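Read the figures in this text as sums done on the coordinates, not as results from a lab. These numbers were taken from a predicted model, which means no experiment stands behind them. No Cβ is skipped: glycine too gets one built from the backbone with ideal geometry, and neighbour counts run over all protein chains shown.
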Amino acid sequence: MKTIRHRVQFCVVGGGLAGICAAIAAARHGVRTLIVQDRPVFGGNASSEIRMWVCGSPHHLETGLVEEFRLENLYRNNYPCYSIWDSILFEKVRFQENLTSLLNASCRAATVEAERIRAIEAWQMTTETTHIVEADLFADCSGDGIMAELAGAEYRIGREAKREFGESLAPDEADRLTMGLSCLIQARETDRPQKFIPPKWAHVYPDEASLPPNRDHDLDAPFQNYWYLELGGDRDSIGDAESVRDELLKTALGLWDHIKNHGDHHAENWALDWIGFLPGKRESRRLIGDYVLTEKEIRAGVLPEDMVAYGGWPIDDHHPEGFYSEFPNRNIIIDKPYGIPLRCLYSRNVGNLFFAGRNISCSHVAISSTRVMATCACLGQAVGTAAFHALQSGLDPRECCRERIGDIQRTLLDDDCFLPGRVREIPEVCRSARLDSSNGGAEVLRNGIDRELAGAVNAWEGGENDWAEYDFGTPRRLGEVRLVFDSRLTRNRGNGHLNMIFNRPLDTPNYDVDPALVKAFHLEADGVTIFRETNNYQRLVKIPVSVTAAKLRLVIDEVRGEGKRRVFAFDAR
């Protein structure tokens, strides 16, 4: 057995979407970063081990890194396979410059001096190695908040009393109940009859009356993922996780036995394809920051000055009894986005600790909206970006929130993170230039709003051979060109699919690049081609250049299908 010491600037514990977005965001801005993940794959609840959908705001689809991941998956994962999705997330982390990753490594100790984390210790099971990681800043994105707990960060578990925050949806008295854990199942339709023999230890549900009500198990349901296979909210969601898992397996296999062998569910040709043995958690520790987000801000759509991310998922509060509750969840629609402040993403008593994911500083009612993974991914990217600015300025998280929040927000917007009510700043070289195009309407390319919003398209439309051009008047030195194409951010409304699938019927459609995206384009500087892309499948494209030119032109060379395609942004710095 051996010990390896690492010295980095930023250490992230937890490799779900929040953690990998935090780590990648920081690393892409030049921060020497290390991420510790206790599983063999990245993705957390979205990975092949748990297989929960990446949900978020139904009205304002999340962009930034999570959109990059999803578009990569549409391009690479033609016959949607969870192992391919795992490999995409692995690639994004493993081959990112400035980023070191430790898989199968569990954080088990923290060294704290003067209310600051100096180092953590992680045990890597596969190599029988102890890793000691020293860093200037840390981020707990582990879901359960294990590093924060080891470091003595303040946290709470359970539901607050109605009177504490004046929340109408909170119980009258505080308790330690939470939302539960789930072990999901997936089924596949085949071209011949399939039998299922349940284990003797599975629960038996011989008829519809033996199942709790409101548990849809129709195989023809287009987006069936059996989320209601949920237990453990009335126990300790951390300490009792193993026994809860055992009960979930009995319940899940019993449900499939019911579908196959009890009553007519049109399941003759269906086979159980997968069952999760690692429970997916919704709630455990919630760490305490300088601010606690509550029901009031969510329902009012408050956009605080230090907003670095947003939410929009309903207040989706699952009953602690889960599967055995008559009403498994309380769902209150949010009709507009709400902002999540940076003050909710760092510890109020550990000076160099950020956090992101389902463990942020919010009430139990609020976490029922903020916990979904697309929101958590945005929180992670915000934390990684804030860590970059904190390190650049030599500030702790709280100081950085007070002194550099504008810089953090500008960087997030530039990295294609949507912040409701905020407009992206256009580089001076483009603001002062003349902007023309082959077919008019190009001025919208520099309005700082990179999506369709409130009925305004905010995009220039161009077809093959159409162009937009900046005339700077005099030669200007350029180092980067930034483009934002249309990836149809309305595609996810009503659970429309860009998520991985669950039940797989014989006619399951293949994935492919979104047809709204421009496929091929090139850039010209003073009439000379300086960059060409022939197979674009991403929304945000940043192109390093090194050129001095008086004119910069974007030319669309090819679209998928026919007609014109939208371009939301074209600028340079």
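Observations on the structure shown:
- Between 0 and 90 degrees, the angle of helix 241-261 with respect to the longest Cα principal axis of the chain falls at about 80 degrees.
- Residue-wise HN-Hα coupling along the range 265-276, computed from phi with Karplus coefficients 6.51, -1.76, 1.60 (Hz; x: Gly, Pro): 10, 6, 10, 4, 8, 9, 10, 6, 9, 6, 9, x
- Cα-Cα over 18 Å, subset of Lys92/Lys542; Lys162/Lys336; Lys296/Lys336: Lys162/Lys336
- Karplus 3J(HN,Hα) series, Hz, for the range 58-65 with 6.51 cos²θ - 1.76 cosθ + 1.60 (x for Gly, Pro): x, 9, 9, 4, 6, 10, x, 5
- Each of Tyr228, Tyr75 has some number of other Cβ atoms within 10 Å of its Cβ, and from fewest to most they run Tyr75, Tyr228.
- Cα point-scatterer Debye curve for the chain, base-10 log of I(q)/I(0) at q = 0.05, 0.06, 0.11 Å⁻¹: -0.22, -0.32, -1.04
- For the range 181-281, alpha-carbon Rg and Dmax in angstrom: 13.6, 43
- The slack between Val204 and Val528, meaning 0.36 nm per residue of separation minus the straight C-alpha distance, is 109.5 nm.
- Helix 82-94 and the longest principal axis of the C-alpha atoms of the chain enclose an angle of approximately 50°.
- Computed Kirkwood radius, in angstrom, where 1/r is averaged over Cα pairs of the range 428-572: 16.3
- The ranking of Thr411, Thr508, Thr385, Thr63 from fewest to most other beta carbons within 10 Å of each one's beta carbon is Thr508, Thr411, Thr63, Thr385.
- A straight line joining the Cα centroids of the range 331-348 and the range 506-573 runs 34 Å.
- Tally of Lys pairs whose C-alpha atoms are under 16 Å apart, taken over the range 181-281, 8 or more apart or cross-chain: 4
- Projected area averaged over orientations for the range 333-375, convex hull of C-alpha atoms, nm²: 3.4
- Evaluating 6.51 cos²θ - 1.76 cosθ + 1.60 at θ = phi - 60° for every residue in the range 223-238, the Karplus couplings come out as 10, 6, 9, 6, 4, 6, 6, 9, 8, x, x, 9, 10, 8, 5, 9 Hz, glycine and proline recorded as x.
- Working from the Cα coordinates of the range 265-310, the gyration tensor eigenvalues give, after taking √(5λ), semi-axes of 41, 17, 10 Å in decreasing order.
- Percent of C-alpha pairs per 10 Å bin in the range 500-573, short distances first: 15, 41, 24, 12, 6, 2.
- Neighbour counts of other Cβ atoms within 10 Å put Leu506, Leu554, Leu255 in the fewest-to-most order Leu506, Leu255, Leu554.
- Taking the inverse of the mean reciprocal distance over all distinct Cα pairs, the Kirkwood hydrodynamic radius of the range 364-510 comes to 18.9 Å.
- Here the extension length gained between Thr190 and Thr474 equals 95.7 nm, from 0.36 nm per residue of separation less the Cα-Cα distance.
- Cα-based Rg / Dmax (Å) for the range 259-393: 18.7, 66
- Dimensions of the range 530-573 along the principal axes, based on C-alpha atoms and rounded to the nearest Å, stand at 35, 18, 18, largest first.
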